[in-house]
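Here the structure is laid out as structure tokens; the discussion comes afterwards.
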Amino acid sequence: MEDLRNDRDSWSNANCSIARAMDIVGSRSTILIMRDALLGTRRFDDFVRRVGIGEPAMAARLKELVGAGLLERIPYREPGQRTRHEYQLTAKGRELVPVITALRNWGDTWATDDTGPPILATHHDCGQPVRAVLRCEAGHDVADGDVDIIAGPGLIRQG
């Protein structure tokens with residue numbers, strides 16, 4: 001099979017999965033909301049406080065994430081209060097764990113200050129740090145230089 005990197009001008013980026021993913025999760029606030037959701041934040045006021053954006057922007061972002069299927073709104077009611085909503089991760093949202101983990105790993109290596117990473121993610125069973133890795137579906141760890149880029153079913157050829 002031909003590695004498409006050798007002839008990038010023969011195919012279009014019009015159907016790019018990365019571009020489509022960035023349309024959904026490509027803003028700083030969206031990634032930070034998803035980080036906090038993965039850490040257990042559920043309520044609107046907690047997202048506003050922890051992510052550090054204003055209420056109107058938070059409301060818009062949460063609405064987008066619900067619309068994209070990453071979060072779902074669940075009604076709750078405190079005694080004597082009106083019904084409100086909390087936000088829970090969907091299966092689609094939980095699948096961002098490796099993405100958020102990879103960003104955190106990269107940030108811990110290349111963007112932290114001299115004091116080191118602010119949080120550590122460790123494996124519950126053994127206590128060792130958790131890292132994102134590339135692995136093929138057969139279970140082999142894959143180095144970045146060992147990846148071929150080949151035509152998928154959605155590839156649009158030029159001319």
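None of the figures in this text is laboratory data; all of them are computed from the coordinates on show. Predicted model, so just to flag it, every value in this text is computed and none were measured. Positions of Cβ are backbone-derived with ideal geometry, glycine not excepted, and every protein chain shown enters the neighbour counts.
Summary of computed values
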read-out: Search result, residues across region 1-32 that are polar (S, T, N, Q) and under 16 Å from residue 152 (Cα atoms); value: 6, 10, 12, 13, 15, 17
read-out: Restricting region 6-56 to residues that are hydroxyl-bearing (Ser, Thr, Tyr) and surrounded by 11 or more Cβ atoms within 10 Å (Cβ to Cβ), the residue that is nearest to the chain's Cα centre (by Cα); value: 30
read-out: Filter result (in contact (Cβ under 8 Å) with a residue 24 or more places away in the chain and either hydrophobic (A, V, I, L, M, F, W, C) or within 15 Å of residue 95 (Cα to Cα) (or both)) within region 31-42; value: 31, 33, 34, 35, 37, 38
read-out: Which listed residue, of 151, 102, 138, is part of a loop (DSSP other than H, G, I, E, B) and in contact (Cβ under 8 Å) with a residue 24 or more places away in the chain; value: 151
read-out: Near pairs, Cβ below 9 angstrom, 6+ apart or cross-chain, from region 106-122 (assigned to a helix (DSSP H, G or I)) to any residue that is charged (D, E, K, R); value: none
read-out: Residue tally, condition surrounded by 10 or more Cβ atoms within 10 Å (Cβ to Cβ) and closer than 21 Å to residue 19 by Cα, over region 133-151; value: 5
read-out: Selection from region 57-77 of residues that are among the hydrophobic types (A, V, I, L, M, F, W, C) and either surrounded by 13 or more Cβ atoms within 10 Å (Cβ to Cβ) or out of contact with any Asp or Glu (no Cβ under 8 Å at 6 or more places or on another chain) (or both); value: 57, 58, 59, 60, 62, 65, 66, 68, 70, 71
read-out: Filter result for residue 125 (loosely packed, with under 10 Cβ neighbours inside 10 Å, farther than 26 Å from residue 11 by Cβ, of a type outside the set (A, V, I, L, M, F, W, C) and in contact with a strand residue (DSSP E or B) (Cβ under 6 Å, 6 or more places away or on another chain)); value: no
